[in-house]
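Structure first, then comments.
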Protein chains: 2
Amino acid sequence: MPESPIRKLVPYAEQAVEKGVKVYQLNIGQPDLPTPKVVLDAVKNIDLTILEYSHSAGFLDYRQALAKYYRNNGVEITTSDLIVTTGGSEALSFVMGTIADEGDEVIIPEPFYANYNGFSTAYGVKVVPVTSYLEDNFSLPPIEDFEDRITERTKAILICNPGNPTGYLYTREELEKLRDLVIRRNLYLVVDEVYREFTYDDRKHISILEFEGLEDHAIVVDSVSKRYSMCGARIGCLISRNKEIIHTAMKFAQARLSPPTIEQIAAKAAMDTPASYFKEVATEYTHRRNVLVAGLNAIPGVECPMPKGAFYCLAKLPVDNADSFARWMLAEFEHEGATVMVAPAEGFYATVGEGKQMVRLAYVLEVEVLKKCLVILEKALEAYPGREK
Amino acid sequence: MPESPIRKLVPYAEQAVEKGVKVYQLNIGQPDLPTPKVVLDAVKNIDLTILEYSHSAGFLDYRQALAKYYRNNGVEITTSDLIVTTGGSEALSFVMGTIADEGDEVIIPEPFYANYNGFSTAYGVKVVPVTSYLEDNFSLPPIEDFEDRITERTKAILICNPGNPTGYLYTREELEKLRDLVIRRNLYLVVDEVYREFTYDDRKHISILEFEGLEDHAIVVDSVSKRYSMCGARIGCLISRNKEIIHTAMKFAQARLSPPTIEQIAAKAAMDTPASYFKEVATEYTHRRNVLVAGLNAIPGVECPMPKGAFYCLAKLPVDNADSFARWMLAEFEHEGATVMVAPAEGFYATVGEGKQMVRLAYVLEVEVLKKCLVILEKALEAYPGREK
């Protein structure tokens, strides 16, 4: 089991905090935006006498609400095309267990959300990476690179759209290329769409569920975590029109009995979040992104492409090793009593040696704090003994 | 992935309900007892603006509360000896992933909680059963039977105490035999103690954590689900004094980010449940058990040993196949507009052919309902075409 690059530095951060150092957490996608009031009110008004299990696929009324949500987003699915899961994490875990046996392979463009590694390893599934590059804004690598890696053990191609950790938003043309390939080679196309609401500059997210001809191939992983700033709820879902996939995934769902009850009630209430909430969120994230990315590129030696979605960016730093740098920032550095926690990007790559100079930053803190973080980063890069000459 | 015997009949039950038949659910361990008021009040009084992730090991204050709970129960552990999980289910899943690689073996006395199969299969772990028998009240099989099955791939012995589905409560002598064996053969001893509070006739549950010399061997799976009638919370934990186990399990914990936030707050509040609650619960379950077991044994051809703990019993029925019988009761039978859903016991066995005539019944409904269920069962057995001659 590989260690999570997002959380593995936590012990160092805890030590820093013990020493009285303020640690700004840009390592994890935990937004600081308030959870919509309708969600918290639903929790406060909960009317239960027994905190019972739900159906293993989730409460029916919540599944109905989800089907309506997707319908409003141009995707027609039924309540039996989806299973409510304990976070997007569990949906991914169910997908791996459902589509692959020990030794099977899944092709993933790298850098990718590091926990894909964890869920694959847990089921003995081999991750086959196709490298995308900072110089290309992490856009989809040539489709031939995917085709070249297909073997008789390949079960699926997995992408994250918009991308974590890249912030890249796939275009219709890119998705069509993937569609054609998975149909031709009879593979699953698994798409993690948990950041579907987070797109910028008037770009629109395109769900893989909108494409015709992919009914048997498309599997979507989703979650309410980021959409409604309710990461702690651990409510996600798995969607597929392929009945066999749902049938097998249900066995995994039944083995763990049910997703959390109260949090499903909260997630259902979240559906009534007013449109104004999302508008404010988009404005805020756009502002943060602009400040952070401009600020990063203004630091000598730092390179950071402009993300089109999600709330992450990947920055290349002028350091020997970004992992050592990130540790050093927590263990040995502080600027005016504060430091910054970032996620070393090496853990987002399956290819050994890739991403060594990169870190992922989540712009989940307010602009004034991000500005402080930029100063800290710049000072840290100046002071770091392993700075590239 | 094997199907859950506890939930696989759900579609038949749903059809029965659609036809207007009342279905009494004795198939699943979902108690009908109210969740303690302190728990529901804590949810109502929740004071959050952001529903954030918790620490991957669970909130520190909840881990402290858990450590105190175990101390009060005679077990000294620290907050770093435990990881809060999404139900006992996830704790079991983490244990399998932590102690075993594909192809490794875990020895389990059968019949056992069917989902042990699911979690094992998911990780490619082979379940090696040692059969216990209804005639012996499902007590621990001879320790030589365990020793005989140990190979170089054996990683652990797993028991459930008190037992689901057997209701058996292991004695100190039995646990000592297991202790000696796992020390001598250097295995883990994994004990599912989620029913630790449910013991009857003044018997006391003995935790494996009380035994000296087992520090590196003992792994306990626990959950608040049954203790506080809050199954829907999905809050459990994994406990071990073996630091390597906790270190590896933490990687699984980090991959799924965190257990549910609100439900952890609820679980912490549950610690303040007054002692009177448990006393009432014990009285109620004792009564139910006595009524159900006596009633079952009074039906011609039915045999059911007296459980000493948990809230299940296993009954042998005079039928050709208990699985067919259970389906038939839902699909084709009703008595005065109602029927009963039970869990066929075959799914609790790894040995093919064992348990064919048995069903598990959970005495989680009130006595008056259990009495109705007994009448329905008796009538069903009379009418069932596959009745043993």
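Apart from one condition, B:GLU176 fits all of (1) open to solvent by 10 Å² or more (accessible area, probe 1.4 Å); (2) in contact (Cβ under 8 Å) with a residue 40 or more places away in the chain; (3) over 24 Å from B:ILE262 (Cα atoms); (4) of a type outside the set (Ser, Thr, Tyr); the exception is (2). Residues in segment B:306-346 that are within 11 Å of B:ALA16 (Cα to Cα) and hydroxyl-bearing (Ser, Thr, Tyr): B:THR339 alone.
Out of the residues in segment A:182-194 meeting the condition of being in contact with a Leu (Cβ under 9 Å, 6 or more places away or on another chain) and surrounded by 19 or more Cβ atoms within 10 Å (Cβ to Cβ), tell me which one is farthest from A:LEU92 (Cα to Cα). Looking at residues that are in contact with a Leu (Cβ under 9 Å, 6 or more places away or on another chain) and surrounded by 19 or more Cβ atoms within 10 Å (Cβ to Cβ), I get A:VAL182. May I ask you to verify whether A:VAL21 is more than 8 Å from chain B (Cβ to nearest Cβ), without any contact (Cβ under 8 Å) to a residue 12 or more places away in the chain, over 23 Å from A:ILE246 (Cβ atoms) and touching a strand residue (DSSP E or B) at 6+ places or on another chain (Cβ under 8 Å)? It is false that A:VAL21 is more than 8 Å from chain B (Cβ to nearest Cβ), without any contact (Cβ under 8 Å) to a residue 12 or more places away in the chain, over 23 Å from A:ILE246 (Cβ atoms) and touching a strand residue (DSSP E or B) at 6+ places or on another chain (Cβ under 8 Å). Only residues that are modelled with pLDDT of 95 or more, in a loop (DSSP other than H, G, I, E, B) and away from chain A (no Cβ under 11 Å) were counted in segment B:27-39, giving 0. Can you say whether B:ALA100 is more than 9 Å from chain A (Cβ to nearest Cβ) and crowded, with 22+ Cβ neighbours inside 10 Å, as far as the supplied structure shows? When the stated conditions are applied, B:ALA100 does not pass them.
Which residues, taken from segment A:1-18, are free of Cβ contacts under 8 Å to residues at least 24 places away in the same chain and open to solvent by 70 Å² or more (accessible area, probe 1.4 Å)? Within segment A:1-18, A:GLU14, A:VAL17, A:GLU18 qualify.
So that you can scan it fast, the table gives a plain yes or no per residue for (1) more than 18 Å from the chain's Cα centre (by Cα); (2) touching a residue at least 60 places away in the same chain (Cβ under 8 Å); (3) within 28 Å of A:LEU361 (Cα to Cα):
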{"residue": "A:TYR228", "(1), (2), (3)": "no, yes, yes"}
{"residue": "A:LEU238", "(1), (2), (3)": "no, yes, yes"}
{"residue": "A:THR248", "(1), (2), (3)": "yes, yes, no"}
{"residue": "A:LYS268", "(1), (2), (3)": "yes, yes, no"}
{"residue": "A:ASP272", "(1), (2), (3)": "yes, yes, no"}
{"residue": "A:PHE278", "(1), (2), (3)": "yes, yes, yes"}
{"residue": "A:LEU314", "(1), (2), (3)": "no, yes, yes"}
{"residue": "A:ALA326", "(1), (2), (3)": "yes, yes, yes"}
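Here B:VAL359, B:VAL340, B:VAL352, B:VAL375 are screened, and the one residue that is of a type outside the set (Ser, Thr, Tyr) and part of a helix (DSSP H, G or I) is B:VAL375. Could you list, in sequence order, the residues of segment A:74-87 that are within 14 Å of chain B (Cβ to nearest Cβ) and open to solvent by 10 Å² or more (accessible area, probe 1.4 Å)? Correct list: A:THR79, A:SER80, A:THR86.
Results for (1) open to solvent by less than 40 Å² (accessible area, probe 1.4 Å); (2) outside any loop (DSSP other than H, G, I, E, B), shown as yes or no for each residue.
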{"position": "A:VAL293", "(1), (2)": "yes, yes"}
{"position": "A:ASN297", "(1), (2)": "no, yes"}
{"position": "A:MET306", "(1), (2)": "no, no"}
{"position": "A:CYS313", "(1), (2)": "yes, yes"}
{"position": "A:PHE325", "(1), (2)": "yes, yes"}
{"position": "A:LEU330", "(1), (2)": "yes, yes"}
{"position": "A:PHE333", "(1), (2)": "yes, no"}
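If a residue must be more than 26 Å from B:ALA315 (Cβ to Cβ) and part of a strand (DSSP E or B), how many such residues does segment B:108-127 contain? Selection size over segment B:108-127: 1.
Conditions: (1) more than 8 Å from chain A (Cβ to nearest Cβ); (2) modelled with pLDDT of 95 or more; (3) outside any helix (DSSP H, G or I). B:VAL95 meets all but one. Number of the miss? If we test B:VAL95 against (1) more than 8 Å from chain A (Cβ to nearest Cβ); (2) modelled with pLDDT of 95 or more; (3) outside any helix (DSSP H, G or I), just (3) comes out false. Selection of segment B:143-168 for residues being open to solvent by 10 Å² or more (accessible area, probe 1.4 Å) and among the aliphatic types (A, V, I, L, M) yields B:ILE143, B:ILE150. Among the candidates B:ILE50, B:ILE46, B:ILE83, B:ILE6, the residue that is closer than 17 Å to B:ILE239 by Cβ and touching a helix residue (DSSP H, G or I) at 6+ places or on another chain (Cβ under 9 Å) is uniquely B:ILE83. Restricting segment A:1-18 to residues that are of a type in the set (Asp, Glu) and more than 11 Å from A:ALA114 (Cα to Cα), the residue that is nearest to the other protein chains (Cβ to nearest Cβ) is A:GLU14.
Would you say A:HIS247 is open to solvent by 10 Å² or more (accessible area, probe 1.4 Å) and either farther than 30 Å from A:VAL293 by Cα or at pLDDT below 95 (or both)? Answer is yes for this residue. The condition of being open to solvent by 30 Å² or more (accessible area, probe 1.4 Å) and either farther than 24 Å from B:VAL291 by Cβ or touching a helix residue (DSSP H, G or I) at 6+ places or on another chain (Cβ under 7 Å) (or both) holds for only one of B:GLY353, B:GLY347, B:GLY386, that being B:GLY353.
The values are calculated or read from the model by the stated rules, or taken from the named source; none is laboratory data. The structure presented is a predicted model; accordingly, all values stated were derived computationally and were not measured. Glycine gets a Cβ as well: all are built from the backbone with ideal geometry, and neighbour counts include every protein chain shown. The accessibility values were calculated without ligands, DNA or RNA, using every heavy atom of the protein model including side chains. Shrake-Rupley method; radii C 1.70, N 1.55, O 1.52, S 1.80 Å.
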